[in-house]
Amino acid sequence: MSEVVELRQRQAQFTKELHGDDIGSKSGFAAFVSKNRSAQKEAVEKYLKHWDGRTDKDAEERRLDDYNESTHSYYNVVTDFYEYGWGSSFHFSRFYKGENFFAAMARHEHYLAYQADIQKGDLVLDVGCGVGGPAREISRFTGCNIIGLNNNDYQLAKAKWYAKKYHLQDQLDFVKGDFMNMDFEPNTFDKVYAIEATCHAPSLEGVYSQIYKVLKPGGTFAVYEWVMTKNYDESNPAHRKIAYEIELGDGIPKMFSVDVAQEALKSAGFEVTVAQDLADSDDEVPWYYPLTGEWKYVQNLSDIGTFFRTSYLGRKFTTAMVSLLEKVGAAPEGSTKVTNALEEAAVGLVAGGKEKLFTPMMLFVAKKPVDAKE
Ligand SMILES: C[S@@+](CC[C@H](N)C(=O)[O-])C[C@H]1O[C@@H](n2cnc3c(N)ncnc32)[C@H](O)[C@@H]1O
């Protein structure tokens, strides 16, 4: 049996042990408290073992080498928290004044579909599809067919469950795979998009080359990339601390710079037609507002629940609850470590956003040349 097949079988088996067979019917807090205790402990250990505060080359190499298992474990333990706090699209967005949270999230997805020139009937690949929130929205919005690729079995099972629930199973499919080593035939997809997912790659050139391979000649790839901006200085300890908090709390082996990302696209063979940091704008309501706890940004009444859960106060409340539940044995061991890591991420994301050292929405649109060989 090949190593890849063996890894997939092991991860699928582990997902069953951890989350049980009935994936989908429970989400958020209800799903979180019903995990298998020893499997949850193992998943937390696998995720956190590489984050020991070190940022030297050896430590980075370890995290880069173990990207697949490490990210798989990360999403095994955070998916319920994400769904509880954020909904079923796991990304940031810009906000218009007065616009509610979920409308802004959908608009951010529509904008990427527009930039990728997705048309009715196109076959589209969603790289790192989460639980399928964006794929459901984009397939409805454009009338295209989407295959979501993901290496996390728990999220895949949820994505399939939601597709069925919303009667989208004819337009959507979700498949297991590592975006560093895709199984699709070359030149398969009309368009490809990725939303805040390829930052988990150990090499951006690696993942972009795979996308280039499976995209048809003349096709478009559009991505919201997580990168450190030109203001970031890796040798500045305060900057590196912010990047490390984002890496630790978001399960990212290494945050790369915007220049590395753009060069990686070119090296993969793409012609880059758009390179724009959407966070570098004069928006009155910044993209990181849901994490700040600053009530002045709340847009309308319907946002209060989401805002409370994701705000500083709401996160402290969740951590205290989780810690209490863990102490009395109602939540799996290690759960508080996870909420603490998510807290570090939130602190790093807000600091990175405020200082414009980091963006979660570096928009790249890239074309595969019409006369490309592969
Ligand atoms: C922040 S989530 C974004 C999910 C989705 N794009 C969305 O916006 O809702 C990152 C996603 O990338 C997936 N991912 C990370 N590493 C991967 C890999 N090596 N191969 C495939 N998917 C991966 C994760 O499992 C997760 O679904």
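Among the candidates Ala243, Ala279, the residue that is in a helix (DSSP H, G or I) and buried (at least 20 other Cβ atoms within 10 Å of the Cβ) is uniquely Ala243. Listed by first and then second residue, the pairs with beta-carbon distance under 6 Å, at least 6 apart or on different chains, first residue in segment 111-133 and within 21 Å of Val175 (Cα to Cα), second within 8 Å of the ligand (Cβ to nearest atom) and in a loop (DSSP other than H, G, I, E, B), are Val127/Phe179; Val127/Ala197; Gly128/Ala197; Gly130/Phe90; Val131/Ser88; Gly133/Ser88; Gly133/Ser89. Residues that are under 15 Å from the mean Cα position of the chain (by Cα) and not hydroxyl-bearing (Ser, Thr, Tyr) occur in segment 135-143; there is at least one.
A count restricted to segment 318-342 and to residues that are under 25 Å from the mean Cα position of the chain (by Cα) and more than 22 Å from Asn76 (Cα to Cα) stands at 0. Checking Asp66, Asp122 one by one, the residue that is farther than 30 Å from Gly20 by Cα and either in contact with a helix residue (DSSP H, G or I) (Cβ under 8 Å, 6 or more places away or on another chain) or acidic (Asp, Glu) (or both) is Asp122 and no other. Residue selection: Glu326 satisfies the criterion of being surrounded by 14 or more Cβ atoms within 10 Å (Cβ to Cβ), in contact with a helix residue (DSSP H, G or I) (Cβ under 7 Å, 6 or more places away or on another chain), without any contact (Cβ under 8 Å) to a residue 12 or more places away in the chain and of a type in the set (Asp, Glu). A Cβ distance below 7 Å, combined with a sequence gap of six or more or placement on separate chains, defines the contacts here; from segment 330-352, residues that are surrounded by 22 or more Cβ atoms within 10 Å (Cβ to Cβ) reach residues that are assigned to a loop (DSSP other than H, G, I, E, B) and of a type in the set (Val, Ile, Thr) in the pairs Ala331/Val33. Candidates are the residues of segment 195-216 that are more than 20 Å from Phe90 (Cα to Cα) and touching an Asp or Glu at 6+ places or on another chain (Cβ under 7 Å); the one that is nearest to the ligand (Cβ to nearest atom) is Lys213. What are the residues in segment 227-260 that are free of Cβ contacts under 8 Å to residues at least 12 places away in the same chain and either in contact with an Asp or Glu (Cβ under 8 Å, 6 or more places away or on another chain) or small (Gly, Ala, Ser) (or both), if any? Selection gives Ser235, Ala238. Among the residues in segment 68-75, are any buried (at least 17 other Cβ atoms within 10 Å of the Cβ), part of a helix (DSSP H, G or I) and away from the ligand (no atom under 11 Å from the Cβ)? So far as segment 68-75 goes, no, none of its residues is buried (at least 17 other Cβ atoms within 10 Å of the Cβ), part of a helix (DSSP H, G or I) and away from the ligand (no atom under 11 Å from the Cβ).
Count of segment 255-276 residues, restricted to those that are surrounded by fewer than 18 Cβ atoms within 10 Å (Cβ to Cβ) and closer than 25 Å to Gly85 by Cβ, is 0. Would you call Asp65 within 19 Å of Ala201 (Cα to Cα), more than 15 Å from the ligand (Cβ to nearest atom) and not basic (Lys, Arg)? It is false that Asp65 is within 19 Å of Ala201 (Cα to Cα), more than 15 Å from the ligand (Cβ to nearest atom) and not basic (Lys, Arg). Taken as a whole, the condition of being under 30 Å from Asp280 (Cβ atoms), part of a helix (DSSP H, G or I) and more than 9 Å from the ligand (Cβ to nearest atom) does not apply to Gly219.
Values in this text are rule-based calculations from the coordinates and carry no lab data. Keep in mind the model is a prediction, meaning the values are calculated, not measured. Note that we place each Cβ from the backbone using ideal geometry, even for glycine, and neighbour counts take in every protein chain shown.
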